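S.K.: To start, I am sharing the structure in question, which I have written as structure tokens.
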Amino acid sequence: MSKIKKVALVNRKGGCGKTTSLFSIAGVLAGEMNQKVLAIDLDAQCNTTSTMTMYVDDADSYKTVMDVLHGVDVEDAVCGVLWQGKGLRNYTNYGVDVLCGDAAIDSSEGIVAIPEEQIMNAGKRINEYINERGYDWVLVDMPPSSKVINDFCFKYLADYALIPFSPDAYSASGYSQIMNDMADAREVNPSVRVIGSFMAKRDSRFGMHKALEEDMAELDSYICSVPYEAAIAESTYFGRPVCFYKSNSKGSEAYRMIVKEIDKRIKMDY
Ligand SMILES: Nc1ncnc2c1ncn2[C@@H]1O[C@H](COP(=O)(O)OP(=O)(O)OP(=O)(O)O)[C@@H](O)[C@H]1O
Ligand SMILES: [Mg+2]
């Protein structure tokens, strides 16, 4: 049996493309590679949850990751995702589910108020659920900045970090912070590591993006750049991954390349 690939989209910098990339990658995995995917939303903004449950009528009735941390069954917080098929009007579950996020996860009554043992137990129950349900991939959407949520993710949920960089002068500033958080988590999850990085939102009109791309390409983890394009922004707005929405777009191609590369790197790591 092949190992379940557990990848967190991480960067402490806000707005660099974590959620958009998770959504687009889930689309490639499920829509084109027939993979079963669980998305876990650890961001209080709940952007992954709202995008993934856009066409689910009773989405509000689902429990959340905070409820799971308080002992509720994982399956009560997992919602089947519906996407419009390519060129079709009907909504279908392509094998992607979402463990729903909670706006209170980063509040003073959120995860910081929960004892470590209880967090560990929730992580164990989530992993048991993942094994029972036979997911091929787990994709974790991370908030822009939270040490305690990074710990939860790297210790108990993800084995790999995939890092989108936004193309700006401060893009790499969060990299060392991620490395530090990961080093701390290795006490519990020794194998956790970076599996890839890429430049999100590359705009060919900006000369500096090319220069930054060349700098980023020096990183061992670097994969490619994702173009800044309307198709990608629109795809999240319409709740339809870009490979479903505009299959031939450059953005779709970039996300296919990222999936192919991380899949290859994870297999080499077995
Ligand atoms: N390749 C792209 N082309 C066009 N727009 C993009 C692209 N990638 C992301 N965006 C847009 O950039 C904005 C920020 O993206 P996103 O929400 O994915 O970032 P994030 O890292 O998840 O943010 P946060 O840290 O707040 O969770 C969104 O409006 C999204 O639609
Ligand atoms: Mg986000």
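S.K.: Quick one: which of Lys155/Lys246; Lys147/Lys267; Lys36/Lys210; Lys63/Lys210; Lys246/Lys267; Lys13/Lys264 span more than 32 angstrom between C-alpha atoms?
M.R.: Distance filter (> 32 Å) returns Lys155/Lys246; Lys36/Lys210; Lys63/Lys210.
S.K.: Relative to a virtual label point 7 Å from the Cα of Met179 in the Cα→beta-carbon direction, which members of the stretch 209-239 show backbone nitrogen distances below 14 Å?
M.R.: Inside the label zone: 218-222.
S.K.: Can you sort Asp97, Asp67, Asp215 from fewest to most other Cβ atoms within 10 Å of each residue's own Cβ?
M.R.: Placing the least packed residue first, the sequence is Asp215, Asp67, Asp97.
S.K.: Where does the chain land at 222 nm, in deg cm²/dmol rounded to the nearest 500, when only DSSP H runs of n ≥ 4 count, each adding -39500 (n - 2.57), divided by all residues?
M.R.: -11500 deg cm²/dmol
S.K.: Is any helix in the chain, taking whole DSSP H runs, at least 24 angstrom long along its axis by alpha carbon and on average at least -1.0 on the Kyte-Doolittle scale, and which ones?
M.R.: Membrane-span-like by this rule: 250-268.
S.K.: Relative contact order for the chain using alpha-carbon pairs under 8 Å, separation at least 6, rounded to a whole percent?
M.R.: Across the chain, relative contact order equals 26 percent.
S.K.: Nearest 5 is fine: what % of DSSP beta bridges in the chain come out antiparallel, could you say?
M.R.: Around 15 percent antiparallel, to the nearest 5.
S.K.: Whole angstrom only: what separates the Cα centroid of the stretch 92-124 from the Cα centroid of the stretch 161-216?
M.R.: Measuring centre to centre over Cα atoms gives 24 Å.
S.K.: Using the per-residue mean of other Cβ atoms lying within 10 Å as a proxy for protection, in what order, highest first, do the peptides 168-181, 246-259 fall?
M.R.: Those peptides, ordered most packed to least, come out 246-259, 168-181.
Here, each number is a calculation from the coordinates, and none is a lab measurement. Fair warning: this is a prediction, and the values are worked out from it, not measured in the lab. Quick reminder, even Gly has a Cβ in these numbers, built from the backbone with ideal geometry, and neighbours come from all protein chains shown.
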